[in-house]
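To start, the structure itself, in structure tokens.
The values are calculated or read from the model by the stated rules, or taken from the named source; none is laboratory data. This one's a predicted model, so the numbers in the text were calculated from it and none came from an experiment. Neighbour counts are summed over all protein chains in view; Cβ atoms, including those assigned to glycine, are modelled from backbone coordinates with ideal geometry. SASA here: full protein model, heavy atoms, side chains in, ligands and nucleic acids out. Shrake-Rupley method; radii C 1.70, N 1.55, O 1.52, S 1.80 Å.
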Amino acid sequence: MTHEPVTTRGARIPVARPDLSGKERDYVAECIATGWVSSQGAFVEEFERRMAASIGTTYAVATSNGTTALHLALAGLGIGPGDEVIVPTLTFIATANAVTFTGATPVLVDVEPITWGMDPVCVERAITPRTKAILPVHLYGQPCAMDALMDIAARHGLAVVEDVAEAHGATSRGVRAGAIGTVGCFSFFGNKIVTTGEGGMVTTNDRACYERMRVLRDHGMSKERRYWHDVVGYNYRLTNIQAAIGCAQLERFDATIRARDAIAAAYTMRLADDSRIVCPPQVLGARSVCWLYTARLDERATAPARDALLAALQRECFDCRPVFFPLHTMPPYARADAFPVAERIARTGFTLPTYVGLGEDVIARICDAVRRSL
Ligand SMILES: *Cc1c(COP(=O)(O)O)cnc(C)c1O
């Protein structure tokens, strides 16, 4: 990710790049010097402790990636064949895949036009006697309508699995995402707000779920009797080396969030006055974080117009991306139903470079390129 091809116009600006400028190197060196390179070692528990403390939950379970965090959380809640889990159609595919891994069925719903998170009205309509959980995704760092979703879950006796992969540090009514639902699932992939290269975490206050997740993460091995297995489990462990990087990352967490806030502000300041562009919103009662700065063209724009914008930016060596394809438009989750809000966002949304160290001068050049190409 750091070795970008250099072109005649200068270095390519990537969409994301990890910031490993703190104690990462020292802590990794410590793992190598002590030989604690696998999934036992002090950094794993330390990383879990720091995550639980910073998110505000009693427990945290480190996993090998964000997808295994989601799968482990669902398995820990006892979700399996015959169950339904409500998932937004606008998300990264891992959200739905984790449900599929359990044997349960992901039931897709549309999203809200402002937050891009699952629409509580659609969720309520999608509930059946088989529904066991709802899986809100705080997309691009914007908290979902958690008050309404938690209310629905309470009325119907459903678990809430928050997908916090893109929203580490976001809050809703002052509570951090990951501490609002029954469980919160984080990803530490290389482009996420906190990275361990690959990695994940589940946060929860639910003791029974926590105990089950710890067993399932480690091949289903009994915590009382070594090499005794009561259930079929997985190997979803994080390594001590990855956790070492995670501990170093968390030491800079507040500064990282502030730096990303500044990037979002710099983009919005230069783009918000253009009536053709809709910038990420500030929602009352919510505190979003800037994962990847993602805006959209206004409703009249077509997919070819958005794609032309992306192509123009790529030509100027600014890496950029379209918004995720809605799940119902892809083969594994194809549905005939219409999800008009998700489809409109997917047609018009675009992601601009967002990483700690991205200079305001580069942001200004990117915004100039966006306006010129429109
Ligand atoms: C990144 C991401 C995941 C999966 O995380 P991995 O660590 O890549 O497995 C899940 N959900 C969302 C919304 C994500 O952005």
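Going residue by residue through the stretch 313-326, is there one that turns out to be surrounded by fewer than 16 Cβ atoms within 10 Å (Cβ to Cβ), acidic (Asp, Glu) and farther than 21 Å from LEU139 by Cα?
There is no residue in the stretch 313-326 that is surrounded by fewer than 16 Cβ atoms within 10 Å (Cβ to Cβ), acidic (Asp, Glu) and farther than 21 Å from LEU139 by Cα.
Search the stretch 143-191 for residues being away from the ligand (no atom under 14 Å from the Cβ) and among the acidic types (Asp, Glu), and hand back the single one that is farthest from ALA126 (Cα to Cα). Walk me through it before giving the result.
If we filter the stretch 143-191 for residues that are away from the ligand (no atom under 14 Å from the Cβ), which is where we start, we get 145-160, 169, 171-176, 179-182.
With among the acidic types (Asp, Glu) added as a condition, the list becomes 147, 151.
Numbers: ASP147: 18, ASP151: 15 Å.
In this case the residue turns out to be ASP147.
Those residues that are assigned to a loop (DSSP other than H, G, I, E, B), touching a helix residue (DSSP H, G or I) at 6+ places or on another chain (Cβ under 7 Å) and open to solvent by 10 Å² or more (accessible area, probe 1.4 Å), I need them from the stretch 128-163; list them, please.
Result: ALA145, single match.
Please enumerate the residues belonging to the stretch 53-92 that are part of a helix (DSSP H, G or I), crowded, with 21+ Cβ neighbours inside 10 Å and out of contact with any Cys (no Cβ under 6 Å at 6 or more places or on another chain).
Result: ILE55, GLY66, THR67, THR68, HIS71, LEU72, LEU74, ALA75.
Could you please give the count of residues in the stretch 93-127 that are touching an Asp or Glu at 6+ places or on another chain (Cβ under 6 Å) and in a loop (DSSP other than H, G, I, E, B)?
Here the count works out to 4.
Only one of (1) more than 16 Å from the ligand (Cβ to nearest atom); (2) open to solvent by 20 Å² or more (accessible area, probe 1.4 Å) is not met by ASP110, so which one is it?
Exception for ASP110: condition (2).
When only residues in the stretch 217-230 that are open to solvent by less than 70 Å² (accessible area, probe 1.4 Å) and either in contact (Cβ under 8 Å) with a residue 40 or more places away in the chain or in a loop (DSSP other than H, G, I, E, B) (or both) count, which is farthest from THR196 (Cα to Cα)?
Filtering first and then ranking leaves SER222.
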